[in-house]
Amino acid sequence: MKRKIRMGMVGGGPGAFIGAVHRIAARMDGEIELVSGVFGRDAAKSAQFAEELYLDPARGYADYKTMIQRELAMPEDKRIDFVTICTPNFCHYEIAKAFLEAGFHVLCEKPLAMSSAEASDLEALVKRSGKMFCLMHNYTGFPMVRQARQLIRSGALGTVRKVNVEYSLGWLAAPNAGKQAAWRVDPKQAGISGCMADIGTHAQNLIEFVTGMPILEVSAELATFVEGRSLDDDGSVLLRFGNGARGVIFASEVATGEENNFILKIYGDKAALEWQEQDPENLIIRSNDAPIQVLRRGWPGTGDEAARNSRLPAGHPEGFIEAFANIYKMFAESIRSGKPGDYPSVADGVAEMRFLEAIVANSNGTEKWTRIAP
């Protein structure tokens with residue numbers, strides 16, 4: 001009988017939006033069971049929150065080092081198989097490194113680290129350890145994103161010429177946007193970038209995931225509109241790809257009135273496609289010599305990749321949490337099989353940090369184009 005994969009969590013305590021999303025998504029398919037975690041900065045608060053989650057309060061730890069020590073002391077059939085890290089950015093590297101060295105698999109929120117050097121160090125450690133590592137870019141789990149990738153791989157768009165991505169949010173338009181916003185504009189916690197690390201990396205990752213084309217060069221302008229902030233809350237980046245294609249990323253967290261306006265447009269010499277996160281069930285196909293086509297999740301015309309990542313019949317919408325759940329399901333399968341799955345990996349984490357370093361350097365420098373470190 002197939003047993004459940006046991007999960008621990010660091011971060012995602014009371015009031016943390018993304019922690020609740022991870023917990024719901026991990027449990028969705030019945031393959032993963034949350035059994036322990038660090039849910040507060042002191043033992044009492046962490047234990048209390050563990051109890052609120054119907055866990056053993058003794059497995060609500062005060063810090064990740066204690067968690068590792070006590071989990072390792074447990075019988076093998078009780079201890080966690082992997083840890084999910086959903087803390088602010090500055091903690092990702094040290095926590096991931098510690099759990100990998102202790103022999104646990106790791107699923108980590110993006111961005112992977114605070115620098116490409118840290119990210120590369122984790123990549124080398126993953127290779128040495130033989131453990132599974134997943135970088136949570138949940139947008140890669142949407143069925144119609146998978147359909148978009150399958151179309152490009154099939155040659156339906158022809159040669160990709162242009163890629164446009166917009167990711168617009170309005171939640172940081174005001175100076176005091178709350179606890180969840182504060183650390184994202186703090187260099188000590190977020191790193192070298194604010195908006196682009198938070199949502200620009202989603203755009204970069206989605207482009208490379210769907211097209212299969214690494215971004216080679218960037219020309220960037222990062223801006224900080226709200227007085228008193230040290231990091232960017234808006235940015236525009238021109239892109240160059242190896243096949244001669246061009247692209248642009250427009251990302252903003254001060255786009256007043258916007259909710260989660262994430263739009264991917266890819267133009268080939270035969271056809272083009274468009275996907276929107278706020279309308280994720282549809283994939284729009286355009287060409288110059290045929291009517292506009294709309295592919296719907298669950299309907300004829302979609303392929304195997306979309307079907308594998310769907311749970312419900314068409315007309316019963318699937319969205320954000322289900323996309324997270326698709327990544328968790330694939331990761332659970334990886335832990336069982338010992339083989340990496342079709343989800344963002346530690347190598348993608350290295351790529352996103354090199355992308356961030358290149359756009360920050362370009363925006364602060366005088367060169368028109370900056371080449372991303374290979």
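The values are calculated or read from the model by the stated rules, or taken from the named source; none is laboratory data. Please read all numbers here as calculations on a predicted model, not as lab measurements. Counting neighbours? That spans all protein chains shown, and the Cβs are built from the backbone with ideal geometry, glycine included.
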Check: What number goes with the only condition from (1) surrounded by fewer than 19 Cβ atoms within 10 Å (Cβ to Cβ); (2) assigned to a loop (DSSP other than H, G, I, E, B) that Pro344 does not pass?
Finding: (1)
Next item on the list: Starting from segment 240-257, take each residue that is under 9 Å from Ser168 (Cα atoms) and list its partners that are buried (at least 20 other Cβ atoms within 10 Å of the Cβ) and among the acidic types (Asp, Glu), counting only C-beta distances under 6 angstrom and pairs at least six apart or across chains.
Entry: Ser252/Asp234; Glu253/Asp233; Val254/Asp233; Val254/Asp234
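Would you check if Ile207 is closer than 27 Å to Ile327 by Cβ, under 16 Å from the mean Cα position of the chain (by Cα) and surrounded by fewer than 22 Cβ atoms within 10 Å (Cβ to Cβ)?
Working: closer than 27 Å to Ile327 by Cβ: yes; under 16 Å from the mean Cα position of the chain (by Cα): yes; surrounded by fewer than 22 Cβ atoms within 10 Å (Cβ to Cβ): no.
For Ile207, the condition - closer than 27 Å to Ile327 by Cβ, under 16 Å from the mean Cα position of the chain (by Cα) and surrounded by fewer than 22 Cβ atoms within 10 Å (Cβ to Cβ) - is not met.
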Check: Just one of Asp279, Asp234 is of a type outside the set (A, V, I, L, M), under 28 Å from Arg184 (Cβ atoms) and surrounded by 16 or more Cβ atoms within 10 Å (Cβ to Cβ); which is it?
Finding: Asp234
Notebook entry, point to check: Taking Ala271 and the conditions (1) buried (at least 23 other Cβ atoms within 10 Å of the Cβ); (2) over 22 Å from the mean Cα position of the chain (by Cα), which numbered condition does it fall short on, given that it satisfies the others?
Noted result: (1)
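Tally up the residues in segment 347-374 that are assigned to a helix (DSSP H, G or I) and polar (S, T, N, Q), please.
Start the filter on segment 347-374 by keeping residues that are assigned to a helix (DSSP H, G or I), which leaves 347-364.
Going one step further and asking which of them are polar (S, T, N, Q), we end up with 362-364.
Final tally of qualifying residues: 3.
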Checklist line | Positions within segment 186-199 being surrounded by 15 or more Cβ atoms within 10 Å (Cβ to Cβ) and either touching a strand residue (DSSP E or B) at 6+ places or on another chain (Cβ under 6 Å) or more than 20 Å from Phe262 (Cβ to Cβ) (or both), in sequence order | finding: Asp186, Gln189, Gly191, Ile192, Cys195, Met196, Ile199
Next item on the list: Mind listing whichever residues of segment 12-43 are among the aliphatic types (A, V, I, L, M) and more than 21 Å from Met74 (Cα to Cα)?
Entry: Ala16, Ile18, Ala20, Val21, Ile24, Ala25, Ala26, Met28
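Have a look at Leu112, Leu122 and point out the one that is touching a Gly at 6+ places or on another chain (Cβ under 6 Å) and on the phi < 0 side of the Ramachandran plot. Talk me through it step by step, then tell me what you get.
Numbers: Leu122 fails: touching a Gly at 6+ places or on another chain (Cβ under 6 Å).
Going through Leu112, Leu122 in turn, the sole match is Leu112.
Within the group Ile335, Ile321, Ile327, which residue is in contact (Cβ under 8 Å) with a residue 40 or more places away in the chain, outside the structural domain of Phe262 (by TED's automatic domain parsing), of a type outside the set (Asp, Glu) and surrounded by fewer than 20 Cβ atoms within 10 Å (Cβ to Cβ)? So that I can check it myself, show each step before the final result.
Details: Ile335 fails: surrounded by fewer than 20 Cβ atoms within 10 Å (Cβ to Cβ); Ile327 fails: surrounded by fewer than 20 Cβ atoms within 10 Å (Cβ to Cβ).
Testing whether each residue is in contact (Cβ under 8 Å) with a residue 40 or more places away in the chain, outside the structural domain of Phe262 (by TED's automatic domain parsing), of a type outside the set (Asp, Glu) and surrounded by fewer than 20 Cβ atoms within 10 Å (Cβ to Cβ) leaves just Ile321.
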Checklist line | Options Tyr167, Tyr139; residue that is touching a Gly at 6+ places or on another chain (Cβ under 8 Å) and either among the aromatic types (Phe, Trp, Tyr) or without any contact (Cβ under 8 Å) to a residue 24 or more places away in the chain (or both) | finding: Tyr167
Margin query: All but one of (1) over 20 Å from the mean Cα position of the chain (by Cα); (2) in contact (Cβ under 8 Å) with a residue 40 or more places away in the chain; (3) not in a helix (DSSP H, G or I) hold for Ile192; state the number of the condition that does not hold.
Written below: (1)
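Does Val145 satisfy being out of contact with any Gly (no Cβ under 7 Å at 6 or more places or on another chain), among the β-branched types (Val, Ile, Thr) and at pLDDT 95 or above?
Values: out of contact with any Gly (no Cβ under 7 Å at 6 or more places or on another chain): yes; among the β-branched types (Val, Ile, Thr): yes; at pLDDT 95 or above: yes.
When the stated conditions are applied, Val145 passes them.
Could you look through segment 99-129, keep only residues that are in a helix (DSSP H, G or I) and among the small types (Gly, Ala, Ser), and pick out the one that is nearest to Thr140 (Cα to Cα)? Before the answer, list the steps.
Within segment 99-129, the first condition is being in a helix (DSSP H, G or I), and the residues that meet it are 99-101, 116-129.
With among the small types (Gly, Ala, Ser) added as a condition, the list becomes 116-117, 119-120, 124, 129.
Numbers: Ser116: 22, Ala117: 25, Ala119: 20, Ser120: 22, Ala124: 24, Ser129: 26 Å.
Looking at residues that are in a helix (DSSP H, G or I) and among the small types (Gly, Ala, Ser), I get Ala119.
Could you pull out the residue among Leu206, Leu216, Leu231 that is modelled with pLDDT of 95 or more and assigned to a loop (DSSP other than H, G, I, E, B)?
Unique residue meeting the criteria: Leu231.
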